[in-house]
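K.L.:
Mind having a look at this structure? Questions to follow.
The values are calculated or read from the model by the stated rules, or taken from the named source; none is laboratory data. Just so it is clear, the model here is predicted, and its values are computed rather than measured. Every residue, glycine among them, receives a Cβ derived from its backbone with ideal geometry; neighbour counts consider all protein chains shown. Just the protein is used for accessible areas: all its heavy atoms, side chains included, with ligands, DNA and RNA removed. Shrake-Rupley method; radii C 1.70, N 1.55, O 1.52, S 1.80 Å.
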Amino acid sequence: MQTRYPIRAVAKITGLGLDTLRAWERRYQAVMPERSGRGRQYGGAQIDRLLLLCQLVQRGHAIGGIASLTDQELKNLLTEQHGEAIPAPGPAADIFAPVLSALDRFDSTRAGDELSRLAAVLAPRDLVYQVVVPLMQEVGTRWHDDTLSIAQEHLVSQMLRNLLGGMMRLLRPANPTMKMILATPAGESHEFGILAAAMLVSIAGIEPVYLGPDLPASEISQSAERISARVILLGITMTNEHTTQEVKAIAAAMPEASELWLGGEGRGDLDRARLGRRTVLLRDLPDLEDTSRRWRNL
């Protein structure tokens with residue numbers, strides 16, 4: 001399914017004002033976004049086209065004279081008349097590029113401000129799938145390639161925890177009746193997955209209790225007992241004997257009425273038979289959303 005972007009997000013990506021975007025559509029049919037109950041929705045190809053048009057207008061072309069050209073004709077015009085190769089735009093990456101730029105400078109304040117601006121223009125679910133998840137993937141890739149330090153990865157985690165706190169305050173039901181604990185077992189330090197999961201279950205109307213990464217089994221199970229959590233969701237990126245023993249200890253000590261859900265790349269390597277209780281394996285974040293909705297409606 002193609003990602004769609006609301007007009008405010010497109011304005012941020014392209015640098016074009018809202019009135020300009022509407023005028024280019026209404027007067028010149030430069031792009032024709034889809035309409036939904038949430039307003040104009042732009043696809044990636046339409047954003048690429050707007051970026052091309054914007055470059056040409058900035059170089060002196062009238063929008064009325066170029067709006068009817070094909071994408072290839074726009075590229076040819078820019079290359080032939082201005083001697084420039086056209087980089088392939090990346091709309092999704094462009095959205096959070098300012099965040100990464102600030103992160104490169106260790107400017108956590110600016111990076112946090114950029115995330116806050118995106119949170120203001122995107123619907124909460126779109127924020128998770130179009131910004132948070134791709135940002136986490138990019139950070140993971142850069143960390144693996146040694147182009148991002150552990151300190152910078154921690155900065156991103158802190159920003160996303162702050163973002164989660166804001167979303168929870170905004171979306172929390174007045175009288176929540178269902179609570180879900182989210183954590184990673186001892187020895188598992190990667191928290192990006194459970195951060196995204198906490199945002200999505202919050203959107204689904206469930207109160208997430210985010211405990212964070214690398215927690216001993218006793219802390220997780222005791223917390224579930226104290227708050228009467230209906231579900232404990234554990235993020236697991238890799239499985240070894242230590243992880244298996246930690247998850248087994250959580251399963252043994254957690255409240256009988258609670259369910260154990262496992263997500264992450266390492267979830268499938270666990271021997272569920274050794275856990276001694278019913279366990280739900282989540283394939284991905286959309287599966288988490290579906291399972292949360294079914295569980296909430298029971």
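K.L.:
What are the ³J(HN,Hα) values, in whole Hz, obtained from phi via the Karplus relation 6.51 cos²θ - 1.76 cosθ + 1.60 with θ = phi - 60°, for each residue of the stretch 181-198 in sequence order, with x given for Gly and Pro?
P.N.:
8, 10, 7, 10, x, 3, x, 9, 9, 7, 10, 4, x, 6, 5, 4, 4, 4
K.L.:
Let me ask you something else. If Lys and Arg each add +1 and Asp and Glu each add -1, what is the summed charge of the other residues whose beta carbon sits under 13 Å from the beta carbon of ASP107?
P.N.:
Its environment carries a net charge of -1.
K.L.:
As a test question: what accessible area, to the nearest 10 Å², does MET159 have when a 1.4 Å probe is rolled over all protein chains in place?
P.N.:
Accessible area of MET159: about 20 Å².
K.L.:
Continuing with this model, one more query. Among the aspartates and glutamates, select those whose C-alpha is under 19 Å from the C-alpha of LYS12, and discard any that sit fewer than 8 residues away in the same chain.
P.N.:
Hits, sequence-local ones excluded: GLU25, GLU34, ASP48, ASP94, ASP113, GLU114, ASP126.
K.L.:
A further question follows. Taking 7 Å along the Cα-to-C-beta vector as the label spot, tell me the SER68-ARG172 distance in nanometres, rounded to one decimal.
P.N.:
Computed distance between label sites SER68 and ARG172 equals 5.8 nm.
K.L.:
Further, regarding this structure: In nm, to one decimal, how far is the modelled label at SER116 from the one at GLU80, with both set 7 Å along Cα→Cβ?
P.N.:
Result: 4.8 nm between the two label points.
K.L.:
A further question follows. Can you tell me the accessible area per residue over the stretch 102-171, all protein chains present, probe 1.4 angstrom, in square angstrom?
P.N.:
Heavy-atom accessible area per residue stands at 51 Å².
K.L.:
Step through the residues of the stretch 232-243 one at a time and calculate ³J(HN,Hα) from phi using the Karplus curve (6.51 cos²θ - 1.76 cosθ + 1.60, θ = phi - 60°), rounding each to whole Hz and writing x for Gly and Pro.
P.N.:
10, 10, 10, x, 9, 9, 8, 10, 9, 5, 5, 4
K.L.:
Could you look at the chain and say what percent of its accessible area is carbon and sulfur, using a 1.4 Å probe and all protein chains?
P.N.:
49 percent
K.L.:
For GLN137 and LEU281, FRET efficiency with R0 = 22 Å and r from the beta-carbon atoms, rounded to 0.05?
P.N.:
0.55
K.L.:
Excluding ALA186 itself, calculate the net charge of residues whose Cβ lies under 11 Å from the Cβ of ALA186, where each Lys or Arg counts +1 and each Asp or Glu counts -1.
P.N.:
Net charge around ALA186: -4.
K.L.:
Let me ask you something else. Collect residues whose amide H, placed 1.01 Å from N in the peptide plane, falls under 5 Å from the amide H of LEU233; neighbours closer than 5 in sequence don't count.
P.N.:
Placed amide hydrogens put ILE181, LEU182, ALA183, TRP261 under 5 Å from LEU233.
K.L.:
A further question follows. If you split all Cα-Cα distances of the stretch 249-298 into 10 Å bins from zero, what percentages do you get per bin, shortest first?
P.N.:
23, 50, 27
K.L.:
For THR70, what is the net charge nearby, where nearby means another residue's Cβ is under 14 Å from its Cβ and Lys, Arg count +1, Asp, Glu -1?
P.N.:
Overall, the nearby charge balance is -1.
K.L.:
In debye, nearest 20, what is the charge dipole magnitude of the chain about its Cα centre with +1 on Lys and Arg Cβ and -1 on Asp and Glu Cβ, if you could check?
P.N.:
1320 debye
K.L.:
So what is the calculated 222 nm ellipticity per residue for the chain, using -39500 (n - 2.57) for each DSSP H run with n of 4 or more, over all residues, to the nearest 500 deg cm²/dmol?
P.N.:
Value at 222 nm, helices only, nearest 500: -17000 deg cm²/dmol.
K.L.:
Less than 29 Å apart at the alpha-carbon level, and either on another chain or at least 8 residues along: which lysines does that give for LYS248?
P.N.:
The reachable lysines, counting only those whose Cα sits under 29 Å from LYS248, are LYS179.
K.L.:
Enumerate the calculated ³J(HN,Hα) couplings along the stretch 55-69 in order (Karplus 6.51 cos²θ - 1.76 cosθ + 1.60, θ = phi - 60°), each rounded to whole Hz, writing x wherever the residue is Gly or Pro.
P.N.:
With coefficients 6.51, -1.76 and 1.60, one gets 4, 5, 5, 5, 9, x, 7, 7, 4, x, x, 10, 5, 8, 6 Hz.
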